Amino acid sequence: MDLLEYQGKRLFAKHGVAVPEGRHAATVEEAVEAAEAIGYPCVVKAQVAIGKRGKAGGIKVAANREEAREHADAILGMDIRGFTVHELWIEEASEIAAEYYASVILDRSEKKLLAMLSTMGGMDVEEMADKDPNALVRRHIEPGTDFGPGDAGKIAAEAGVDDDVAEQVAEMLVELHEVATEEDATLIEVNPLIVTAERRVVALDAKVTIDGNAMFRHEDLAGLSDKSSEDPLEAKAKEKGLTYVRLEGDVGILANGAGLCMSTLDVVAQAGGRPANFLDAGGGSKAEAIVDALEVITSDPNVRAILFNIFGGITRCDEIAKGIVEASQRIDLNVPLVVRLDGTNSEEGLAILAEADLPGLHQEKTMLGAAERVVELARS
C-alpha cells in the first residue's frame, strides 16, 4: 500500500522524524485557510503517488494569500503523469542549505532491510548511480539485530555528510529504520533529506510503501491508502473480496487458484490473445462469488470474450456452473463465454450449463482449446 506524502510524513512524525509543519487540504478554500495558519512563504504540493511533481507544476511556493489561492486552484484537478490531483499538502517553506538522500527498503533477494544514504539528494537513485557509483552508501541490516546511532553514524561518515549534522543524519536513519520495522514498510524513501539554513536535518519528502499482507497488524493505517489512484475495477473487486488485477487486453480471465490463473494468462497469450485481467476466484468458490467476478470482468469495456478455466478440487464445478447461470439472469452478459470445467463435479457442472443452454456460451475440454476459442471469439 503506497502512502501519499502527507500520510507518510504523519507516520514519520509519530516515530520522531523531523518534518516541516504542514496541513492537508482537499479544496481551494481549505488550502487558503491552511496557508494562512502556516504563514508565508508556504508551499502548495500536489498529493499523488508519483514522482517529479515539481517538474509537472505540482509544487508551487506561495508568498501571500492570493498566490496560495491561485496555486491551489491550478493544482487541484491537474493530471500528473496519469494521476489526477484531488488533495494538497500546504507546508511551511524551508530554506535549504544541502540536500541528501536517505532510504530504508526491503531487499527481497537478501531478505533483509537495506539502508542507503547519499549526499546527492534531489535526483533519482538511478541518476546517482550513473553519475557516481560510489556516492550511494548501502548497508544491509541483519534481521533481529539492533540498528543504533553507532551503526548509522558509520553510514553517515562513509557517505561524507557534513560533520556538524552527522549526528542528526544518523539519528534520522535510526528513526527511519524504526518506521520500517514497526510499521511493516517495504520502502521508506526521503528525497530530499535536507539540511536547513539553521543546520537542522528535516525530511522534506516522504515516500512510503506498507506491506499489504501486514495490514491486519495496523488497523490505524487501513484507511490511509490513496483511493484516487486505485483502478475503479480493482477497487470494486477488492470490496467484493476478489483477487483481481486489471490488464490491457480484451480477453477476460477467471480461474481458481493463482497458479492456474497465471497459466491461463500464458496460454491465452500463446494462442495470440491479450488478457484483460487476472482474476483468481480462489478455492471453494460459491455461486455468489462467480456472479461478483463476472460483474467485475464485464464492467471492463475492453473485454470482448471471457474464459472460465476451472479445475475442481475444493472448488466444485457444479457451483461454478450455477454461478454462471445465475449471473446470466442478473447481469447483461453481452460477450461470449468459453468454459472449461474439470475435476470435482465437472460432469454435473457441464450438465447444468447444457440444460441452461445460454446463448454465447461455449464449452471446451482442454486449456489450449479453450484459449484458442476465446481468442477467436474476441477477434470476431
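So for segment 131-140 (the condition being under 23 Å from Asp162 (Cβ atoms), open to solvent by less than 20 Å² (accessible area, probe 1.4 Å) and not in a strand (DSSP E or B)), does at least one residue qualify? Yes, segment 131-140 contains a residue that is under 23 Å from Asp162 (Cβ atoms), open to solvent by less than 20 Å² (accessible area, probe 1.4 Å) and not in a strand (DSSP E or B). Could you count how many residues in segment 1-32 are in a helix (DSSP H, G or I) and surrounded by fewer than 16 Cβ atoms within 10 Å (Cβ to Cβ)? Within segment 1-32, residues that are in a helix (DSSP H, G or I) and surrounded by fewer than 16 Cβ atoms within 10 Å (Cβ to Cβ) number 3. Evaluated against (1) small (Gly, Ala, Ser); (2) touching a helix residue (DSSP H, G or I) at 6+ places or on another chain (Cβ under 7 Å); (3) farther than 18 Å from Val190 by Cα, Ala135 falls short on exactly one condition, (3). Residue by residue through segment 41-52, note down the ones that are closer than 15 Å to Glu92 by Cβ and either acidic (Asp, Glu) or open to solvent by less than 40 Å² (accessible area, probe 1.4 Å) (or both). Hits for segment 41-52 are Cys42, Val43, Val44, Lys45.
Checked against the criterion of being surrounded by 23 or more Cβ atoms within 10 Å (Cβ to Cβ), part of a helix (DSSP H, G or I) and modelled with pLDDT under 95, the candidates Ala321, Ala289 yield just one match: Ala321. Starting from residues that are under 17 Å from Gly343 (Cα atoms) and assigned to a loop (DSSP other than H, G, I, E, B), keep the ones in segment 354-371 and report whichever is least open to solvent (accessible area, probe 1.4 Å). Among those that are under 17 Å from Gly343 (Cα atoms) and assigned to a loop (DSSP other than H, G, I, E, B), it is Glu364. With respect to (1) touching a residue at least 40 places away in the same chain (Cβ under 8 Å); (2) more than 27 Å from Asp220 (Cα to Cα); (3) touching an Asp or Glu at 6+ places or on another chain (Cβ under 6 Å), the lone exception for Asn191 is condition (2). Answer with yes or no whether Lys55 is over 20 Å from Val208 (Cα atoms), buried (at least 16 other Cβ atoms within 10 Å of the Cβ) and not hydrophobic (A, V, I, L, M, F, W, C). When the stated conditions are applied, Lys55 does not pass them.
Thr196 satisfies every condition listed in (1) modelled with pLDDT under 95; (2) open to solvent by less than 50 Å² (accessible area, probe 1.4 Å) except (1). Note on segment 58-88: among residues that are over 22 Å from the mean Cα position of the chain (by Cα) and among the acidic types (Asp, Glu), the one that is surrounded by the fewest Cβ atoms within 10 Å (Cβ to Cβ) is Glu66. Evaluated against (1) open to solvent by 30 Å² or more (accessible area, probe 1.4 Å); (2) of a type in the set (A, V, I, L, M); (3) closer than 21 Å to Lys238 by Cα, Leu350 falls short on exactly one condition, (3). Evaluate segment 134-145: report whether one residue or more is more than 19 Å from Leu106 (Cα to Cα) and in contact with a Leu (Cβ under 9 Å, 6 or more places away or on another chain). So far as segment 134-145 goes, no, none of its residues is more than 19 Å from Leu106 (Cα to Cα) and in contact with a Leu (Cβ under 9 Å, 6 or more places away or on another chain). Pairs are defined by a Cβ separation below 9 Å, a sequence spacing of at least 6 or placement on different chains, a first member in segment 328-349 that is among the basic types (Lys, Arg), and a second member that is open to solvent by 30 Å² or more (accessible area, probe 1.4 Å); the pairs so defined are Arg330/Glu295; Arg340/Phe311; Arg340/Gln363; Arg340/Glu364; Arg340/Lys365; Arg340/Thr366; Arg340/Met367.
The values are calculated or read from the model by the stated rules, or taken from the named source; none is laboratory data. For clarity, every value in this text was computed on a predicted model and none was experimentally measured. Note that each Cβ is placed from the backbone with ideal geometry, even for glycine, and that neighbours are counted across all protein chains shown. Accessible surface areas use protein heavy atoms only, side chains included; no ligands, DNA or RNA. Shrake-Rupley method; radii C 1.70, N 1.55, O 1.52, S 1.80 Å.
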